[in-house]
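S.K.: Quick one: the structure is below, and I'll ask about it shortly.
The values are calculated or read from the model by the stated rules, or taken from the named source; none is laboratory data. If you're wondering where the values come from, they're calculated on a predicted model, not measured in any experiment. In this analysis, Cβ positions are derived from the backbone assuming ideal geometry, glycine residues included, and neighbour counts consider all displayed protein chains. Calculation scope for accessible area: heavy atoms of the full protein, side chains included, ligands and nucleic acids excluded. Shrake-Rupley method; radii C 1.70, N 1.55, O 1.52, S 1.80 Å.
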Amino acid sequence: MKILEYEAKKVLGESGITIPEGVLIRTPDELTAHLPSLPDNVVLKAQVDVGGRGKAGGVLMADKTNAVETAKDLFSRMIKNTPVKEVLVEERLDIIHEYYLSIAIDRSTRQVLILFADAGGVEIEKVAKEDPAAIRRASLPLIMHDVPAFMVRDLLGNAPKELGPVINRLYHVFVKKDALLAEINPLVTTPRGVIAADAKLIIDDNSLKRQGITVNRDLSDREREAERFGFSYVELEGTIGVIGNGAGLTMSTLDLIEYYGGRAANFLDVGGGAEQERVMNAVRLVSSVPSVKAIVVNLLGGITRCDEVAKGIISAGISQPVIVRLAGTNEEEGRKLLSDKGYQMPDTMEQVVKVAVEMTR
Amino acid sequence: MIFGDKKTGVIVTGATGHQGAFHIALMNEYAKNVGGTGVVAGVTPGKAGQEVHGVPVYNSVRDALNEHDASAGVLFVPGFAAGDSIMECAGAGLSLVVAITEHIPVHDTMRAISYAKMNDCNVIGPNCPGLLSPGEIKLGIMPAQLFSRGHIGVISRSGTLTYEIVDELTRAGLGQSTVVGIGGDPVIGQTFTDVLAKFSDDQKTKAVVIIGEVGGALEEEGAKATDIPIVAYIAGISAPPEKRMGHAGAIIEGGEGDARSKIERLKAMGVQVASRPSEVPRLIHHLI
């Protein structure tokens, strides 16, 4: 789950990394009370989870005389279709130089990867493409308590030594918070020291519970309902609903729909175990999206009980047609239950997909 | 055939849980049919003295190894305890751990894999269906009835999609030497590269099918490092960017890990890439 900027900065601040002075407001009026304690020049940053926030108009400059007016303007905006509910008002920093620092997981080495560059800011991805050597790298196993001093020296190169402690503090945040990504971009030098001007933190969804996070905000209402049932669910923009077991098989079904010229409206992975009630809930959830005109069910596995699946599909009682591919135990029984009710049951996943694409054309 | 044979003794952790007990029965049914050793002991802390389908249960892996010969462990413990269980198996001296468990915190996986490596223990998974060498051994939850004995190796990040493609191979008369589900998580113990190196040394394996997904670059790394003939299938070509597809491993990373560019890179290396699962057998026939 992505953590918003102000929350990430709070975590960094607690670890000893200097963050800009600022205040979080939920209405423009709240700013009035804070004005006396704020510096003359401020920056207002919409707390929305969208990439390219600055370019989309989510970051505005102001001074004391027009800060409240500017806040009203920002709260009235939509940033890439996301309403602005919270705004972080911060001091405008006197920046000497911008750097880039991030810590992530390297799948290839199964280790932690630290990246540092002398040029920070919004262009870092361009730097990565055009001059990969400008981004210095160090990797270490997660069982290390600290980043060894030689790695810090290698990462910094000719950058000021005062940046060094931030690397270790960010590593400690990464470890403590079960992070998939901890990023400071830009990390800036100023007359009053090194400051994290922006911050990004992504926490492993599998660790939310032990991190004390009860609601995964990255999910939409339907996705959250799906999660409650133990499904993984994603919404797309087509007309065919897809239910499968296993992420790979479900994705492959989606790919086949595209191959035959159709488009999926959503897909749901029921995961392991397909009892009647689970299947019923899955079918109802997928069919609740208005654009779904037909549903493909593709369930395969040695331990999937086909009679349970069939009962689940029938008891869902939905209006859209359901085309079913079933393989597993009690296959005959399941097929009979469905064929008695008039469901189409082609033999292979390709045939199932073809029938659904034809129906929705 | 790689990672074990008929003689391999197996310990199951999380043995008394619903999943653990169910699959102990299926693994031992398979072992009985092929004349193999199968699961010799189960482990659940606090449940020593119980039996699961005739298999004795111990409090720890060490206790189990005091009474039985085994070299492989299969994990059915819940996500929060799985990192610990991998380390317990490795520390007690098992040389192979198959972690079926899903939803393990990725930091736990990274620590457990580091610790296992220091103890010369290979980890398959987590979040995987295990492995099956037809006629020899089944470690995990793969449905044995779809498999047949032969000379094709299979390595997959998926579970059910593996069964789909194994079914296609079997119907086409292409039996398998070993089928390995390496797991769908972002960090896994054995990667395509590791397993391909083992297949490369295996006399029985003549060609390998790799079944990949969007995300990461493990498929390309594997293809680059091996000389054995490969056919690939990559799922997720229609995956929207930045959407989670069930596996954390399927998060698309900065446009680099999307399925289409992955397929292009594999083709540029001369790898045959199937556009649908049903194309895999035909491409394999071309190779051998």
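S.K.: Among the residues of the range A:270-318, write down those that are touching a Ser or Thr at 6+ places or on another chain (Cβ under 8 Å) and within 18 Å of A:ASP221 (Cβ to Cβ).
M.R.: Residues satisfying the conditions are A:SER287, A:SER291, A:VAL292.
S.K.: One residue is enough: does the range B:161-169 have a residue meeting the conditions buried (at least 24 other Cβ atoms within 10 Å of the Cβ), within 30 Å of B:ALA92 (Cβ to Cβ) and either more than 10 Å from chain A (Cβ to nearest Cβ) or not hydroxyl-bearing (Ser, Thr, Tyr) (or both)?
M.R.: Looking for residues that are buried (at least 24 other Cβ atoms within 10 Å of the Cβ), within 30 Å of B:ALA92 (Cβ to Cβ) and either more than 10 Å from chain A (Cβ to nearest Cβ) or not hydroxyl-bearing (Ser, Thr, Tyr) (or both), one finds none in the range B:161-169, hence no.
S.K.: Now, a different point. May I ask you to say which residue of A:ILE95, A:ILE124 is in contact (Cβ under 8 Å) with a residue 40 or more places away in the chain and away from chain B (no Cβ under 14 Å)?
M.R.: Working: A:ILE124 fails: away from chain B (no Cβ under 14 Å).
So the residue among A:ILE95, A:ILE124 that is in contact (Cβ under 8 Å) with a residue 40 or more places away in the chain and away from chain B (no Cβ under 14 Å) is A:ILE95.
S.K.: Considering only residues that are within 14 Å of chain B (Cβ to nearest Cβ), open to solvent by 70 Å² or more (accessible area, probe 1.4 Å) and free of Cβ contacts under 8 Å to residues at least 24 places away in the same chain, which ones fall in the range A:330-360?
M.R.: Answer for the range A:330-360, where residues must be within 14 Å of chain B (Cβ to nearest Cβ), open to solvent by 70 Å² or more (accessible area, probe 1.4 Å) and free of Cβ contacts under 8 Å to residues at least 24 places away in the same chain: just A:ASP347.
S.K.: Determine whether the range B:23-34 contains at least one residue that is touching a helix residue (DSSP H, G or I) at 6+ places or on another chain (Cβ under 6 Å) and either open to solvent by less than 50 Å² (accessible area, probe 1.4 Å) or at pLDDT 95 or above (or both). Break it down into steps so the answer makes sense when it comes.
M.R.: Filtering the range B:23-34 for residues touching a helix residue (DSSP H, G or I) at 6+ places or on another chain (Cβ under 6 Å) gives B:30.
Of the ones still in play, those that are also either open to solvent by less than 50 Å² (accessible area, probe 1.4 Å) or at pLDDT 95 or above (or both) are B:30.
Scanning the range B:23-34 turns up at least one residue that is touching a helix residue (DSSP H, G or I) at 6+ places or on another chain (Cβ under 6 Å) and either open to solvent by less than 50 Å² (accessible area, probe 1.4 Å) or at pLDDT 95 or above (or both).
S.K.: Filter the range B:54-63 for residues that are under 16 Å from B:ALA21 (Cβ atoms) and either in contact with a Phe, Trp or Tyr (Cβ under 9 Å, 6 or more places away or on another chain) or among the β-branched types (Val, Ile, Thr) (or both) and give the result. It would help to see each step written out before you state the result.
M.R.: Initially, the range B:54-63 is screened for residues under 16 Å from B:ALA21 (Cβ atoms), giving B:54-58.
Passing the criteria: B:VAL55, B:VAL57.
S.K.: Moving on to the next point. Working only within the range B:124-141, note down all residues that are buried (at least 24 other Cβ atoms within 10 Å of the Cβ) and either over 9 Å from the mean Cα position of the chain (by Cα) or assigned to a loop (DSSP other than H, G, I, E, B) (or both).
M.R.: B:GLY125, B:PRO126, B:ASN127, B:CYS128, B:PRO129, B:SER133, B:ILE137, B:LYS138, B:ILE141
S.K.: Restricting attention to the range A:244-277, and to residues there that are acidic (Asp, Glu) and outside any helix (DSSP H, G or I), which single residue is nearest to the other protein chains (Cβ to nearest Cβ)?
M.R.: We begin by selecting, within the range A:244-277, every residue acidic (Asp, Glu); these are A:255, A:258, A:269, A:275, A:277.
When the remaining residues are screened for being outside any helix (DSSP H, G or I), the result is A:269, A:275.
Details: A:ASP269: 4, A:GLU275: 12 Å.
If we take residues in the range A:244-277 being acidic (Asp, Glu) and outside any helix (DSSP H, G or I), then A:ASP269 is nearest to the other protein chains (Cβ to nearest Cβ).
S.K.: Conditions first: (1) within 14 Å of chain B (Cβ to nearest Cβ); (2) more than 19 Å from B:GLY184 (Cβ to Cβ); (3) surrounded by fewer than 17 Cβ atoms within 10 Å (Cβ to Cβ). A:GLU227 passes all but one, so which condition is the exception?
M.R.: It fails just one condition, (2).
S.K.: Right, another one. Condition first: under 18 Å from B:GLN145 (Cβ atoms) and surrounded by fewer than 19 Cβ atoms within 10 Å (Cβ to Cβ). Can you find one or more residues in the range A:314-329 that meet it? Lay out the reasoning, then the answer.
M.R.: So the first thing to find is which residues in the range A:314-329 are under 18 Å from B:GLN145 (Cβ atoms), and the list is A:325-329.
Remaining after also requiring surrounded by fewer than 19 Cβ atoms within 10 Å (Cβ to Cβ): A:329.
Yes, some residue in the range A:314-329 is under 18 Å from B:GLN145 (Cβ atoms) and surrounded by fewer than 19 Cβ atoms within 10 Å (Cβ to Cβ).
S.K.: Further question on the same structure: Could you say which residue among A:VAL292, A:VAL283 is in a loop (DSSP other than H, G, I, E, B), more than 14 Å from chain B (Cβ to nearest Cβ) and either among the basic types (Lys, Arg) or touching a residue at least 12 places away in the same chain (Cβ under 8 Å) (or both)? Give the derivation first.
M.R.: Working: A:VAL283 fails: in a loop (DSSP other than H, G, I, E, B).
Among A:VAL292, A:VAL283, only A:VAL292 is in a loop (DSSP other than H, G, I, E, B), more than 14 Å from chain B (Cβ to nearest Cβ) and either among the basic types (Lys, Arg) or touching a residue at least 12 places away in the same chain (Cβ under 8 Å) (or both).
S.K.: On the given criteria, is B:GLY222 out of contact with any Pro (no Cβ under 6 Å at 6 or more places or on another chain), at pLDDT below 90 and either of a type outside the set (D, E, K, R) or open to solvent by 50 Å² or more (accessible area, probe 1.4 Å) (or both)?
M.R.: On the way: out of contact with any Pro (no Cβ under 6 Å at 6 or more places or on another chain): yes; at pLDDT below 90: no; either of a type outside the set (D, E, K, R) or open to solvent by 50 Å² or more (accessible area, probe 1.4 Å) (or both): yes.
In short, no.
S.K.: Further question on the same structure: Find all pairs meeting these conditions: Cβ atoms under 6 angstrom apart; at least six residues apart or on different chains; first residue within the range B:249-274 and at negative phi; second residue open to solvent by 60 Å² or more (accessible area, probe 1.4 Å) and at pLDDT 90 or above.
M.R.: B:VAL273/B:LYS267
S.K.: So A:ALA327 clears everything in (1) more than 14 Å from chain B (Cβ to nearest Cβ); (2) in contact with a Ser or Thr (Cβ under 9 Å, 6 or more places away or on another chain) except one condition, right? Which one?
M.R.: Every condition holds for A:ALA327 apart from (1).
S.K.: Among the residues of the range A:227-267, write down those that are over 16 Å from A:VAL353 (Cβ atoms) and of a type in the set (A, V, I, L, M).
M.R.: A:VAL234, A:ALA247
S.K.: Now a separate question. Regarding the range B:177-191, can at least one residue be identified that is open to solvent by 10 Å² or more (accessible area, probe 1.4 Å) and either within 16 Å of A:LEU300 (Cα to Cα) or not in a loop (DSSP other than H, G, I, E, B) (or both)?
M.R.: No, the range B:177-191 contains no residue that is open to solvent by 10 Å² or more (accessible area, probe 1.4 Å) and either within 16 Å of A:LEU300 (Cα to Cα) or not in a loop (DSSP other than H, G, I, E, B) (or both).
S.K.: Residue check, B:SER261 against (1) of a type in the set (Ser, Thr, Tyr); (2) part of a helix (DSSP H, G or I); (3) modelled with pLDDT of 90 or more, all met but one. Which one?
M.R.: With respect to (1) of a type in the set (Ser, Thr, Tyr); (2) part of a helix (DSSP H, G or I); (3) modelled with pLDDT of 90 or more, B:SER261 is out only on (3).
Residue by residue, here is whether (1) of a type in the set (D, E, K, R); (2) farther than 27 Å from A:LEU4 by Cα; (3) assigned by TED's automatic domain parsing to the domain that holds A:GLU30; (4) modelled with pLDDT of 95 or more holds:
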{"site": "A:ARG107", "(1), (2), (3), (4)": "yes, no, no, no"}
{"site": "A:GLU123", "(1), (2), (3), (4)": "yes, no, no, no"}
{"site": "A:ALA133", "(1), (2), (3), (4)": "no, yes, no, no"}
{"site": "A:PRO141", "(1), (2), (3), (4)": "no, yes, no, yes"}
{"site": "A:ALA149", "(1), (2), (3), (4)": "no, yes, no, yes"}
{"site": "A:LEU156", "(1), (2), (3), (4)": "no, yes, no, yes"}
{"site": "A:GLY164", "(1), (2), (3), (4)": "no, no, no, yes"}
{"site": "A:LEU180", "(1), (2), (3), (4)": "no, no, no, no"}
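S.K.: Here is a further query. Select from the range A:295-311 the residues that are among the small types (Gly, Ala, Ser) and either in a loop (DSSP other than H, G, I, E, B) or surrounded by fewer than 24 Cβ atoms within 10 Å (Cβ to Cβ) (or both) and list them in ascending order.
M.R.: Step one: of the range A:295-311, the residues among the small types (Gly, Ala, Ser) are A:301-302, A:310.
Result: A:GLY302, single match.
S.K.: Additional query: Tell me, please, whether a residue that is out of contact with any Leu (no Cβ under 6 Å at 6 or more places or on another chain) and either within 14 Å of another protein chain (Cβ to nearest Cβ) or at pLDDT below 95 (or both) can be found in the range B:35-56.
M.R.: As a first pass, look at the range B:35-56 and keep what is out of contact with any Leu (no Cβ under 6 Å at 6 or more places or on another chain): B:35-56.
When the remaining residues are screened for being either within 14 Å of another protein chain (Cβ to nearest Cβ) or at pLDDT below 95 (or both), the result is none.
Looking through the range B:35-56, none of the residues is out of contact with any Leu (no Cβ under 6 Å at 6 or more places or on another chain) and either within 14 Å of another protein chain (Cβ to nearest Cβ) or at pLDDT below 95 (or both).
S.K.: Suppose we filter the range B:80-93 for residues that are surrounded by 24 or more Cβ atoms within 10 Å (Cβ to Cβ) and of a type in the set (A, V, I, L, M, F, W, C); how many remain?
M.R.: The total comes to 4.
S.K.: Going by the structure shown, is A:ILE105 in contact with a helix residue (DSSP H, G or I) (Cβ under 8 Å, 6 or more places away or on another chain), open to solvent by less than 80 Å² (accessible area, probe 1.4 Å) and not in a helix (DSSP H, G or I)? Full working, then the answer.
M.R.: Numbers: in contact with a helix residue (DSSP H, G or I) (Cβ under 8 Å, 6 or more places away or on another chain): yes; open to solvent by less than 80 Å² (accessible area, probe 1.4 Å): yes; not in a helix (DSSP H, G or I): yes.
Yes, satisfied.
S.K.: Just for strands (runs of 3 or more DSSP E) wholly inside the range B:1-114: which have at least 2 residues that are closer than 21 Å to B:LEU131 by Cβ? Steps first, please.
M.R.: Values: elements: B:9-13, B:38-43, B:55-58, B:72-75, B:96-99.
Filter on the range B:1-114 gives B:9-13, B:38-43, B:72-75, B:96-99.
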